[in-house]
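For reference, the structure is listed below as structure tokens.
The values are calculated or read from the model by the stated rules, or taken from the named source; none is laboratory data. These figures come from a predicted structure and were not determined experimentally. Quick reminder, even Gly has a Cβ in these numbers, built from the backbone with ideal geometry, and neighbours come from all protein chains shown. Please note that ligands, DNA and RNA were not included when accessible areas were found on the heavy atoms of the full protein model with its side chains. Shrake-Rupley method; radii C 1.70, N 1.55, O 1.52, S 1.80 Å.
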Amino acid sequence: MASRKKVSELQRPLWLLTPGGLLMTLIILIPLLLAIWISFIDLDQYTLRRWVEAPFIGIGNYVESFESGLPKSIWLSVSFAVLSTAVTVPIGIAAALVTQNAYRGRALVRAVFLIPYVLPSFVVASVWRTMLQPDGIVNETLGLGSTLWLSGSNSYWTLVLVEIWAAWPFIYLMALAGLQSVDNEVHEASAVDGTTWWPKLTRVILPYLRGPVLLACLLATLNHINNFTLPFVLFGAPAPDDVNVMPMLVYVTSFQGLRFGLSAAMAVLSLVLIAIPLYAYLRAVRLDVDK
Amino acid sequence: MRFGRAIALTGATVLVAALTACGGGDDEGGGGAGKTLNVLIGANTQYPEEFAAWQKSISEKFKAQTGAEVKFEQFASANDELTKIQTSVVAGSGPDVYAVGTTFTPTAYSTGAFVKLGDEEWKKLGGKEKFVPATLGISGPDEQNQVGIPWVSRPFVMAYNTELLKAAGIDKPATTWDELTAQAKQLTKGDQYGLAIAYKDNFDPWKFVWGMSTQAGNPLVDGKTAKLQDPTVKKAYETYFGWLTTDKVVDPAAIGWTNPQAVAAFAKGKTGYFALTTATAVNSLDSGAVKGKWAFTLLPTVPPGATSRPGNGVEAASILSGDNLLVADYSKNKDLAFEYVKLVTDQEVQLDYYKKFGNLPANAAALETLKSDPKLAPLTEAAQKSVATPFTGAWADIQLALTNVAVQTLPDLAKGPVSAATLDTRIAEAQKKAQSSLDRAK
């Protein structure tokens, strides 16, 4: 038995993976290894030209990362991402439920719900930036005087608000997909049992959404953490301290400070720091294992 | 495992092959015919069609002169250009000629990837004396180590509303910063403001601070030492923030403005001065309510709190602003590259470029012909009185640190004047960043 299994394992057509493997190596593996290498050398505009000879400084860049604001940026990024996800989930699910049953104009409502999602991030940020000017339409409508939304501590909440506005349709789409997969028999059975809407929603329907929505949470959180366009267009660089999220810090270090080694170290560190909870989470919800 | 290694090896081979293919654009050998010169140039978003036409006419001229083609490649932002320089520098192949902004020239110089200009190179270009002397100020750290060939200049000036000034009984625009503040106070009444300032711009703030400090005798960098904690810098920030908080001569909404927003505000015709602008704003101004009622004038050159410039102060009317041309060290077409640079810095081409795009010539004779136009006189004067920002690879960081002081202070300004202690802390932080960057400079 054991030997037969071994033979069949050997006979698996692994070579079919070659094109994919090649692409993965080219697009992910080699750049990743390069980034890790760069994070150990003192690469800046002075050494760029002979980058192979740039001095190896071990963990020097990593130590400096911690002294140049990376911990705060990580905290800002993570809290911003978790907060955005936490708020978008109930909105997304509610929106999916609203468009589940057929009614006149449902197609229109569904289309409207997708508008924030299909707009390019750059457009979303530019429009919000204009609306949130000190003498802009938001302050004028709400009678807030000249409240500053794009500077100081308010900027953090602006970032969260705009991200929520732009990102909730993703949860909505995933939840909608989950709702569609609920069998008709389930609806019939609950009708036969005479279930009222609230128990039906919480005990019957929502459990169906658990899988897709959890996956959506994971993807959405990662998207929030990686979002560079939104803070960059909303606030510009240098960004106010309260929205100096990880992508902004890495960008400024790399492309304005020209410290490529330091920024590579920051990028690698953030990758590791995100990977740890991500791994734990994936194990916990068992998204990475076959059922 | 062996399989994995084979994949990795194949991947690396493909990568190398791809890189070689990318670098294959360079032609080798002598003579112009059949060769292609690659020029990297900033995209012109204001006049894209005219810019394409200009490129075409230059290509034709160049072909007639040398037999070689010019291929223009455009970049959208300074970051695009930086990425291009990075990859070209690492790969040792790419554009032959780069057009780079003046303040970016020290950074480009520090990569060591560009041809240093000796007597022979200058001769090929038609001599150093062909250029406006001030424009050579940011070509290199010293006369022996120049890489940048001045191409166009965009000196900064002030725009003022001639009618509002006249109505307020001001017969001559301000020439000192104190005078400017006083006139702005006179001009501020009702819905009318004395000054338009772009407080949230990512570049404007450092230009004010550098200008005022330099005029007071502190160019911010002394050899390898950053001098941001000098009283002149604090005075500059206080003056700059004070217009909004203590003098109240600026629209409170200016706290959220970038430079184009400030242009738009001034163009409405309800503001006395627009303190930092350049020739490229002409069209925006002429399409606003202010059309026919505005003029350019030099920025003040006497530091705040003074009635005359101190002995060590510099008459810095503007940062040295514009574009330089750099020839890549790795280029296999250096002779062609210099011929191209000569062509676009010649009087006729420079004047044509000015007419199309409003960038002032770096060519001295060309600039001279524009002096007779009274409307342009302040611009040509500013071009001649422009002063280079310190030539160090650390300048990008210093500029960023100076702007950051303004960015972080904006929320305080909304509440009123910023306290001396807060300002000191922020300047100290900027000083630390600037110094650490200077310590790394080679």
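Brief remarks follow.
- Accessible area (Å², per residue) of chain B, counting only protein heavy atoms and a probe of 1.4 Å: 40
- Selection among A:112, A:154, A:57 by position relative to the dipole of the range A:51-176 gives A:112 as farthest towards the positive end (Cβ unit charges, Cα centre).
- A crude spin-label estimate for the pair residue A:275 and residue B:371, with each label 7 Å from Cα along the Cβ direction, gives 6.5 nm.
- For the range A:86-128, the solvent-accessible area with a 1.4 angstrom probe is 59 square angstrom per residue.
- Antiparallel content of DSSP bridges confined to the protein assembly as shown, in %, to 5: 60
- From the alpha carbon centroid of the range B:387-405 to that of the range B:157-230 is 19 Å.
- Mean per-residue shielding of peptide A:255-261 is 6, counting Cβ atoms of other chains within 10 Å of each Cβ.
- Candidates B:372, B:110, B:321, ranked by Gaussian network fluctuation over chain B, Cα under 10 Å, top entry: B:372
- Solvent-accessible area buried by A and B, counting both chains, probe 1.4 angstrom, square angstrom: 3500
- Charged-residue dipole, Cβ positions (Lys, Arg, Asp, Glu), chain B about Cα centre, Debye nearest 20: 700
- Unit charges at the beta carbon, dipole of the range B:296-420: most positive-side option, B:416, B:317, B:369: B:416
- For B:112-123, mean number of other protein chain Cβ atoms within 10 Å: 1
- Size of charge dipole - the range B:100-179 - debye, nearest 20, with Cβ of Lys, Arg +1 and Asp, Glu -1, no other charges: 280
- Apportionment of accessible area to carbon and sulfur, chain A, percent (1.4 Å): 69
- Helix-derived mean residue ellipticity, 222 nm - over chain A, DSSP H n ≥ 4, -39500 (n - 2.57), to 500: -20000 deg cm²/dmol
- Mean projected area in nm² (Cα convex hull; one quarter of hull surface) for the range A:26-285: 18.4
- A simple packing score, the average count of other Cβ atoms within 10 Å per residue, orders the peptides B:272-280, B:353-361, B:419-427 as B:272-280, B:353-361, B:419-427, with the highest score first.
- Student exercise, the range B:315-442 dipole from Lys, Arg, Asp, Glu Cβ charges, in Debye to nearest 20: 320
- Rolling a 1.4 angstrom probe over the range B:300-342 with all protein chains present gives an accessible area of which 43% lies on carbon and sulfur atoms.
- Radius ratio Rg over Rh of the range A:1-98, counting only Cα atoms, Kirkwood formula for Rh: 1.23
- Kirkwood radius for the range A:105-226, taken over all pairs of different Cα atoms as the inverse mean of 1/r, rounds to 17.3 Å.
- The residue list B:131, B:157, B:114 was ranked by how far each Cα lies along the charge dipole of the range B:109-209 toward its positive end, using unit charges on Cβ atoms, and B:157 comes out on top.
- When each of the peptides A:163-170, B:184-191, B:241-248 is scored by the mean number of other C-beta atoms lying within 10 Å of its residues, the order from highest to lowest reads A:163-170, B:241-248, B:184-191.
- Per-residue ellipticity at 222 nm from helix content only, as computed over chain B with -39500 (n - 2.57) for each DSSP H run of at least four residues, stands at -14500 deg cm²/dmol.
- The GNM of chain B, with springs linking C-alpha atoms under 10 angstrom apart, assigns the highest mean-square fluctuation among B:128, B:172, B:371 to B:172.
- Bridgeable lysines around residue B:371 (alpha carbons under 16 Å apart, same-chain partners fewer than 8 residues away excluded): B:355, B:385.
- Among A:261-272, B:288-299, the order from most to least packed when residues are scored by Cβ within 10 Å on average: A:261-272, B:288-299
- Shielding by partners - mean other protein chain Cβ count within 10 Å, residues of A:39-51: 5
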